[in-house]
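The values are calculated or read from the model by the stated rules, or taken from the named source; none is laboratory data. Note that the structure is predicted; figures quoted are calculated from it, not measured. Virtual Cβ from ideal backbone geometry, glycine too; neighbours counted across all protein chains shown. Just the protein is used for accessible areas: all its heavy atoms, side chains included, with ligands, DNA and RNA removed. Shrake-Rupley method; radii C 1.70, N 1.55, O 1.52, S 1.80 Å.
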Amino acid sequence: MRKIYKLTFAVIAVVTSTFTAFSSPVIDKPAPTFSGIDTNGAKISLADFAGKPVILEWTNHECPYVQKHYNSGNMQSLQRELTEAGVTWISIISSAVGMQGHVSAEQANRLTTERGAYANFVLLDENGDIGRLYNAKTTPEMFLIDEQGVLRYMGAIDDKPSAQPKSLKGAHNYVRSAWTAFSTQTEITPTATKPYGCSVKYAH
Amino acid sequence: MAVFSKLRFLLYIISFFGFSTIAQATNLLSYTGSHSNMAVHMETQGFKAGQTHWLSVTFTPKDEWHTYWKNYGDSGATPMLNWSAPDGINFGSPLFPAPEVIPVGPLMNYGYHSISTLLIPLKVAKNFHEAKLNITLQAEWLVCKVECIPQYGEWQFTIDTGNASLDPTVKDTFEEARNRLPEPSYWSSKSTIYNENSRLNLFINPEDLNEITNAYFFPETEGVLKYAAEQEWRWDQDGLSLTFERTVGSIVPEIIEGVLQLDTIDGESLYFELSSKVNDATKAESTTNSSPIINLSMPLWKALLFAIFGGIILNLMPCVFPVLSLKAMALVSANYKSKTDRQLEGWAYTFGIWISFMAIVGALVLLRSGGAAIGWGFQLQSPLFIGLLAVLMVMVALSLFGVYHIQLGIEGAGQNLASQKGLQGSFFKGVLATLVATPCTAPLMAPAIGYALTQPTHIIILVFSALAIGLALPFLLLSYSDKMASLMPRPGAWMEKLKQGLGFPMLLTAVWLVYVYNLQAGSTATAILLGIFIIIGFSLWLWQEFSSKTVHVIAIVLLLSSFYTLYEVSRPDTSSKMGESSNHQTFSENRLQELLSKEEAVFIYFTAEWCITCKVNERVALDTDKVQNAFRDNNITVLKGDWTNRNDEIGNVLASYGRAGVPFYLYFAKGEKKATILPEILTPEIVIDYLTTQ
């Protein structure tokens, strides 16, 4: 009989494990929920911002593509515009310890001040859990989540996959256009684009 | 920090722009960057009006650094080349060498570990009469190790007119570059995109190529696959089939383009360019434009009720019958067992059924999450499973005949009264009942299963538990009935005879399984299966009759090699055609849409050779003259969807109606885009009724 019990547990374990890790970001579906510690030591989770639209921005200050958007002030102006319109902006750093872009909480806060960033929170995700949850692949990579927690846009920040600042001129900013469409209740197009840039520096 | 990074950024810009060159001849440009070198060559000496010349752009990254293919995969950037030249000069898109995989942590990139040369056609118009051609190239390419350094700049160079003869000094460069280009593929292909996976089928004849050891597809198109996920490839009846994991919700392309890599047994890698039209199967609802009735929204209590009653009715279906005869045997012996023992056995039987349902459903869910379009009864689509089940049936029969005694508890009815054995036997009977029950679908069961398989795990467990309890319920109740036990005759020699007699229904089940096996794996495999029956029987007999160690070793070797042989020969055979009887056409989504657009009446039956309920329905209802005449008189086209072997198209259609198995019958009345679903059990009257009243 004992063997049978063992078998039962094995079967149940197999059945249940199949369905647990099944959340990945899908447009028009609830965005995967996460929680993490921000650079001021506060625990924040996506559920805290129910009722407010949220932007997730994957970043790595040493990545030339991120630098294009920050050194030109392009990212900051988008952050300012959207946060003033009521968006909660969360920058996420998924670089693992020892990898490019990995920072301490103090360094991250210093970067925010120096660069004049308008992010509401900067999350340190050095074990890459949130990054993997969202299949974040590049920096920069952007996600727009609406008040109901539904994912509305994911992908590149704009349509110019270049590291040169001059490429910003005439670039079509997908996040801004998604936000404009969303706030005027018109259809967001495109809802998903291929992100470009440096790879997210997950632990190997 | 900020000052430093700004300074560094400035230095980059200076280093990149500070280099500009004017060159003649064929070496148009060579640039040394911080992390890579870049060179531009021209294949010919000078240009000629009205001709197409080739330029090459060669990137050489530093050791351990890499550059990218046109699709960089998960992260990175495509090399960008912007050419400006006077009117009359046209640059075509660059041809990229076949890419390599570059894994970066959990991500996958496509690119080049070392030198790579892009080829660019330069078209000179007929009326271009200038003596010199001034060209500006703005280029940006990304070089990465783990961290990434973009390299970019702007360069000018001039080409003179000339005799446009091939320049011998760059012959090797161009020859090597051309050798690394993927070849155009001469095979046709088709691709299907599902929500969680996609499939690429290439109509290749395996004999056209050396033996292939690996196949890998580099898509140029987005939305085809997860770059970092493993790719599966196999040969099937149409040729080479590749299956990919896909990101749910990503854009569905209309055409898939990319490069297929085939590694051959002699260590060679072949690359082919592919372009394949996509069949979009992401919206199961839209696979039949006929807005199917989806029963998925039934409340849970209804699904549970359906499952319990479906399970009870399952006891009456033909496939469970032989096993029930075993169970009846145990009941007959109930008279001399204690009440507690009887009840315990009832529960052991229930438990055996439940465990088997959970095992099957667990495997089903696992395989589905791996992307297989399978449904209820999927295990019977595997010839190996059918073969093993047939072997099991024959072994049980031989045991009942008394050739040997496997301690299955079946003989517990006779001399072996130990309650422990009785319990194991009951458990085993439960397992057996479930195994043979899956090919049968009872009324009420199909909607319940269809519903369950779209639900989260705990609901699946609940519904299938209800089904298991339903199947076990009659015997469980009987085990609690004292009256029934007292009705049974006293044990005696007659029991041995009854036991032997019950071996025959088991053999009948084996005959059915051999029939299915023959259709799936072909006659050669069937002959081997029959041989295996005998060898396994013989080895068990050897084990039983002799106590010598040597003989036991021989028996085990015989047994193992039999099972190994069975494993080896049990492969789907595609050369033999499935049994044909009635006038029908083969089902395909396209054929159905075509018929519906012509406003024709269509009857579709989904069936499988292993599905006894289907076969019975066909025999007693669909294939009868009465029904066939009704089809003809009403101008109804009959389509047959054969699910004997795995078939994604059929799996998707079933899913769109909330079903996970066969039998399944659909009727589209003339001019109707909406189908009527027929019951699982058919009589000629039922079918004709549906055909005429709709």
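Cross-linked pairs A:Lys201/B:Lys145; B:Lys62/B:Lys145; A:Lys166/B:Lys70; B:Lys70/B:Lys126; A:Lys43/A:Lys68: Cα-Cα separations exceed 20 Å for A:Lys166/B:Lys70; B:Lys70/B:Lys126; A:Lys43/A:Lys68.
Could you compute how much accessible area chains B and A hide from each other, both sides summed, with a 1.4 Å probe? Nearest 100 Å² is fine. Intermediate values should be presented prior to the final figure.
Values: alone 31990 and 10860 Å², together 38930 Å².
Using a 1.4 Å probe, the pair buries roughly 3900 Å².
Evaluate the Kirkwood expression for the hydrodynamic radius of segment B:619-694, namely the inverse of the mean inverse distance over all pairs of different C-alpha atoms, and round to one decimal in Å. Present the calculation step by step, with values, prior to reporting the outcome.
On the way: mean 1/r = 0.0746 Å⁻¹.
It is 13.4 Å.
Rolled with a 1.4 Å probe across the full set of protein chains, the surface gives B:Ile686 an accessible area near 50 Å². Candidates B:Gln593, B:Leu513, B:Ile604 compared by Cα position along the dipole of segment B:511-640: farthest toward the positive end lies B:Leu513, with charges placed on Cβ. Global dimensions of the protein assembly as shown from alpha-carbon coordinates: Rg and Dmax equal 34.1, 115 Å.
A convex hull fitted to the Cα coordinates of segment B:553-668 yields 139 cubic angstrom per residue.
Between B:Asp208 and B:Arg234, what's the calculated FRET efficiency when r is the beta-carbon distance and R0 is 25 Å? Round to 0.05.
In this case the efficiency is close to 0.90.
Put A:His172, B:His552 in order of accessible area, largest first, 1.4 Å probe: what do you get? Write down the numbers at each step before the final one.
Numbers: A:His172 80, B:His552 45 Å².
The most accessible residue leads, giving A:His172, B:His552.
List the aspartates and glutamates whose Cα sits under 19 Å from the Cα of B:Lys497, skipping any in the same chain fewer than 8 residues away. Straight-distance partners of B:Lys497: B:Glu411.
Label zone (B:Thr586, point 7 Å along Cα-to-C-beta; backbone nitrogen cut-off 12 Å) within segment B:640-679: B:640-643. Spin-label model, A:Ala85/A:His172: points 7 Å from Cα along the beta carbon direction are separated by 1.7 nm. Entry for segment B:148-221 at q = 0.13, 0.18, 0.24 Å⁻¹: log10 I(q)/I(0) = -0.81, -1.01, -1.32, Debye formula applied to identical alpha-carbon scatterers, no solvent contribution. Here the simple spin-label model places points 7 Å from the Cα toward Cβ, and for B:Ser548 and B:Glu64 these points are separated by 6.7 nm. In the assembled protein chains, B:Arg234 presents an accessible area of approximately 100 Å² (probe radius 1.4 Å). With the alpha-carbon atoms of chain A aligned to their principal axes, the span from lowest to highest coordinate is 73, 42, 30 Å, starting with the largest.
Here the accessible area is traced with a 1.4 Å probe on the protein chains. For segment A:119-204, carbon and sulfur cover 51 percent of it. Backbone N atoms of segment A:83-99 closer than 20 Å to the 7 Å Cα→Cβ label point of A:Glu147 belong to residues A:83-90. By a 1.4 Å probe calculation restricted to protein chains, A:Thr88 has an accessible surface near 10 Å², given to the nearest 10. Cα extents for segment B:21-101 along the principal axes, largest to smallest and rounded to whole angstrom: 42, 24, 20.
Using r as the Cβ-Cβ distance of B:Ser165 and B:Asp87, and R0 as 30 Å, what FRET efficiency do you calculate, to the nearest 0.05?
Numbers: r = 26 Å, r/R0 = 0.87.
The value I calculate is 0.70.
Roughly how tilted is helix A:174-183, in degrees to the nearest 10 and between 0 and 90, from the longest Cα axis of chain A? With both axes taken from Cα atoms, the answer is about 80 degrees. Taken along its principal axes, the alpha carbon cloud of segment B:44-202 reaches lengths of 56, 40, 29 Å, longest axis first.
State the extension gain, in nm to one decimal, for the chain segment bounded by B:Ile459 and B:Ala49, taking 0.36 nm per residue of separation less the distance between their alpha-carbons.
Difference between extended and current length: 140.3 nm.
Each of A:Val97, A:Thr112, A:Thr139 was placed along the dipole of chain A (beta-carbon charges, centred on the mean Cα), and the one lying farthest toward the positive end is A:Val97. Could you check the simple spin-label distance between B:Glu685 and A:Lys29, using points 7 Å along Cα→Cβ, in nm with one decimal? Between B:Glu685 and A:Lys29, the label points sit 4.8 nm apart. Taking R0 as 22 Å, what FRET efficiency do you get between B:Leu530 and B:Val620 from their Cβ-Cβ distance, rounded to the nearest 0.05? Efficiency at R0 = 22 Å is approximately 0.15.
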